[in-house]
1. Rank these residues by their accessible area, most exposed first, probe 1.4 Å: 112, 399, 31.
2. Length gain on complete extension for the stretch residue 273 to residue 106, per 0.36 nm per residue less the alpha carbon to alpha carbon distance?
3. How much FRET efficiency would the formula 1/(1 + (r/R0)^6) give for residue 294 and residue 183, where r is the Cβ-Cβ distance and R0 is 60 Å, rounded to 0.05?
4. Mind checking which of 1, 396, 36 is farthest towards the positive end of the chain's charge dipole, using Cβ charges of +1 (Lys, Arg) and -1 (Asp, Glu) about the Cα centre?
5. So what's the back-of-envelope 222 nm ellipticity for the chain, counting only DSSP H runs of four-plus at -39500 (n - 2.57) apiece and dividing by all residues, rounded to 500?
6. Take a quick pass over region 28-152 and tell me how many lysine pairs come in under 29 angstrom between Cα atoms, counting only ones 8 or more apart or on separate chains.
7. For residue 334, which lysines qualify as cross-link partners when the Cα separation must be under 17 Å and same-chain residues fewer than eight apart are set aside?
8. Please sort by residue number the trypsin sites (Lys or Arg not before Pro) in region 194-303 whose DSSP state is loop and whose Cβ has at most 15 other Cβ atoms within 10 Å.
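The values are calculated or read from the model by the stated rules, or taken from the named source; none is laboratory data. Here the structure is a predicted model, which is why all the values come from computation and not from measurement. Every residue, glycine as well, gets a Cβ built from its backbone with ideal geometry; the counts of neighbours run over all protein chains shown. For the accessible areas, the whole protein counts, side chains as well, though only heavy atoms, and no ligand, DNA or RNA atoms are used. Shrake-Rupley method; radii C 1.70, N 1.55, O 1.52, S 1.80 Å.
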Amino acid sequence: MTNKFIKSDAFRSKIHDLIPGGAHTYSKGDDQFPLLSPAAISHGKGSQVWDIDGNRFLDCSMGLTSVILGHAYEPVLERVRAELEKGVNFQRPAYIEMEMAERFLKNIPGHDMIKFAKNGSTVTTAATKLARAYTGRKLIAFPGDHPFYSYDDWFIGKTVCDKGIPEEISALSVTYRSDDLDSLRELFEKYPGQIACVISEPEKNFGLPEGYLAKAIELTHRHGALYIIDEMITGYKTAFPGSLTKYKVKPDMATWGKGVANGFSFCALTGTKEIMELGGIRETGKEKVFLVSTTHGGETHNIGAAIATIDVFEQHDVIGHNHAIGDRLIAKCKEAVKSADLGDFVGIAPCNWMPVFIFKDREKTASAGLRTLAMQEMIRNGVLFQGVFVPCFSHTEEDVAHFADAFGKTLDVYAKALEDGFEKHLKGEPAKPVFRKYL
Ligand SMILES: Cc1ncc(COP(=O)(O)O)c(C=O)c1O
């Protein structure tokens, strides 16, 4: 039983005086977790993490999906150490930048050039800027029902948290329903000749309508716009390198991050030469496009981590391992739901690259209270769970068994809470949505 959070409570009471939001992404914040949970992590190894009270947990979120091989994964660390010894930032590009560019692009059919950055938001924003420069158009289109594309104004201005963003900027982004060609077509008809690009994740956890991606790209091109696939989450998870090879499609640009350097800060924008060269400096006399330009974009140890991650994917069937873990976890949890007779209240997306759990109340409506209760009970049983399981190369059969055992015990409490209300069982408040107008 994990229920000792003494140092965590002290951390919780102090951190908000030092760091607005208490974390460096809102999705790690205290309002995303039950009160009975670790507030800070001390260290991780493989599929396990330890909090500052010394409690050990099976990790499910793996650094917001970025740690695809496992925490402190030795072959990656070896390469990182080697780069650290040589220095990490120089006045001219480091040699390793060329090695990385060649290694990464080799796996992306149709993309000739790459630009590095440290955060996903930097590259999604860069992609939209290139699209505007290429097409001479102003509007950016994305699926309004998808959770996140950037912390920059073109995306956040379209959420309920638009304070601080002029409405003139928000008006330059337009939305459609994901995976719905009619909705995308209607958007192009509403703004003829004005949309510079469509940026979208290639797929979410519930799959895609047959042939959707190819048709969406074709529709976008027919309207003179560019299609950007954001592989931040799907990259190195649905397939290697990502959904664009899985579905054999060629978007004009793609954006990468999270898993590509096993948690180290390496993100990238890839694209066709024609578009990416706009950010170049060779075509004398042509107007310059100020593409990504960052002090830390060429930092060598993160690039080393990214190369070592490619090595592991090329030498081992990481995708096969991770999908098998996802399949077994789904099968075991479905069995547990069935034997607890909770099929109407607990759903599991049939998505082996990232199983997602849905928690519903007696009216069969998604319930934040019950979801937070499920998190509390999983944590009590040693699983740091937030509703999603991200399989990584270090997850084992024993980890799946541990998860399933904790899940079974959680369902016992869940069944009681359906009868007498989650409030009787949950300590503290339900987790809140990251995107909410008021605190
Ligand atoms: C699909 C998608 N795109 C872009 C981003 C932005 O990445 P970063 O947090 O590295 O800026 C995220 C982050 O969660 C994401 O999920």
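1. Values: 112 85, 399 15, 31 50 Å².
My answer, sorted largest first, is 112, 31, 399.
2. On the way: separation 167, 0.36 × 167 = 60.12 nm, distance 1.41 nm.
Gain on extension, residue 273 to residue 106, equals 58.7 nm.
3. Working: r = 35 Å, r/R0 = 0.58.
E(calc), rounded to 0.05, equals 0.95.
4. 36
5. On the way: 15 runs with 167 residues, N = 439.
Computed ellipticity for the chain at 222 nm equals -11500 deg cm²/dmol.
6. 17
7. Straight-distance partners of residue 334: 360, 409.
8. Numbers: sites: 204, 215, 222, 237, 246, 248, 258, 273, 282, 286, 288; in loops: 204, 237, 248, 282, 286, 288.
Loop-located and lightly packed - 248, 282, 286, 288.
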